Amino acid sequence: MSNDPIRLTDLAHGGGCGCKLAPAVLQQLLAGQPQTAAYANLLVGTETGDDAAVWQLDDRHCIIATTDFFMPVVDDPRDFGRIAATNALSDVYAMGGRPLFALAILGMPLGKLAPEVVREILAGGASICAEAGIPVAGGHSIDSGEPIYGLAVIGVAPPQAIRRNATAKAGDALILTKGLGVGVYSAAFKKQTLDAAGYAEMVASTTLLNRVGATLAQDPDVHAITDVTGFGLLGHGLEMARGAGLTLAVEWDRLPFLSQAAQLAQAGFITGASNRNWASYGEETRLPTDIAPWRRALLTDPQTSGGLLVAVAPQRAEEICRQIVDAGYPMARIIGRVTEGEPVVRVV
């Protein structure tokens, strides 16, 4: 093995949630697959593109199961492990549950990375799981052409706490819990343009556990939750709109962004996934006719370990948003509302 330092991101063709298949491609692959609705105990399956599967054991317990993994979005192996683990755990929190344990998913290019680098990736993931109060109880590893790491996570929740992406109600307010722009930050990082402050901001956001989802799900005025990841705000918002059969009206001026997101997007640091996202679902969105391309790109920007999109009763929106901020999510904002109308996302 060469003694020259190897950038993890140079070993992968993409990184983070930007590696996800485009929504249109995913729909084609899933077409004709067996439907899951026939299983009475399967409360959440594949029908609505939700964040995790949910199986009801009895009147008091549901099991939540998910898996998530990707290629490096950063070069520091411990940070890569931390980001990937945070992202995987998010699916359980987005369903209103709390994680019980995780299994590691590991694919590494043998002969290209030293064992100590791989150990650091695993240690990073384990540190986030420890923060969440759960063990990494096992896993599986393979020799792969590109570095891959993530988790399969098992969680639990009472049936009344399960929150889906398809249960928003007309009149609901929409809250986003983290700032947007991770994709453009990662594009700038890969081109070695992101400064130290930007890197620190990106890692802080992507390693912030979405554990507030489990708390929100205890509130009956919280009607729907999903996390905003690889399909961007428009894509995951569209899943919520389709599931509810309603319009999501988003106000651009209310959206929270990481501090350098607009600057980097205007400088052209746009991911390929952002463009693939737009090609997949652009026809189901309604944007201002004069919107600048860089602004559109931020709306489709893939968010590795992004925040939660939460639909709440309008009379409680300000109070619930304050609770989220007080719980450690300073960028949480009310960004719009749910209205009667066609299942699209409308940005004004």
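Some points to look at:
- Most mobile listed residue (Ala126, Ala104, Ala279) in the chain, GNM with C-alpha springs under 10 Å: Ala279
- Spacing of the two label points (7 Å from each Cα toward its C-beta) at Glu340 and Ala38, in nm: 3.8 nm
- Between the range 150-190 and the range 244-287, the Cα center-to-center distance that results, in Å: 16 Å
- Three-way shape label, the chain, alpha-carbon gyration tensor, a/c 1.5: oblate
- Listed residues Tyr39, Tyr281, Tyr93, most fluctuating in the chain (Gaussian network, C-alpha, under 10 Å): Tyr39
- Per-residue Cβ neighbour rank within 10 angstrom, fewest leading, Phe269, Phe231: Phe269, Phe231
- Chain lengthening between Arg119 and Lys169 when straightened (0.36 nm per residue, less Cα-Cα): 13.4 nm
- Cut-off 18 Å (backbone N to label point 7 Å along Cα→Cβ of His140), residues of the range 67-82: 67-71
- Relative exposure of Phe80, Phe189, judged by other C-beta atoms within 10 Å (fewest first): Phe189, Phe80
- Each label was represented as a point 7 Å from its Cα along the Cα-to-Cβ direction; for Ala197 and Ala267 these points are 1.2 nm apart.
- Net lengthening on full extension, Arg322/Ser259 (0.36 nm per residue, minus Cα-Cα): 20.6 nm
- Shape call, the range 147-275: gyration tensor on alpha carbons, a/c limit 1.5: prolate
- The chain: most fluctuating residue of Leu100, Leu209, Leu298 per GNM, C-alpha cutoff 10 Å: Leu100
- Sites counted here are trypsin sites (Lys or Arg not before Pro) in a DSSP loop (not H, G, I, E or B) having no more than 16 other Cβ atoms within 10 Å; the longest part of the chain that contains none of them is 192-348.
- Placing unit charges on the Cβ atoms only, positive for Lys and Arg and negative for Asp and Glu, gives the chain a dipole magnitude near 200 debye about its Cα centre.
- Exposure proxy ranking, count of Cβ atoms within 10 Å, fewest first, for Glu318, Glu283, Glu146, Glu239: Glu283, Glu318, Glu146, Glu239
Read the figures in this text as sums done on the coordinates, not as results from a lab. This one's a predicted model, so the numbers in the text were calculated from it and none came from an experiment. Every residue, glycine as well, gets a Cβ built from its backbone with ideal geometry; the counts of neighbours run over all protein chains shown.
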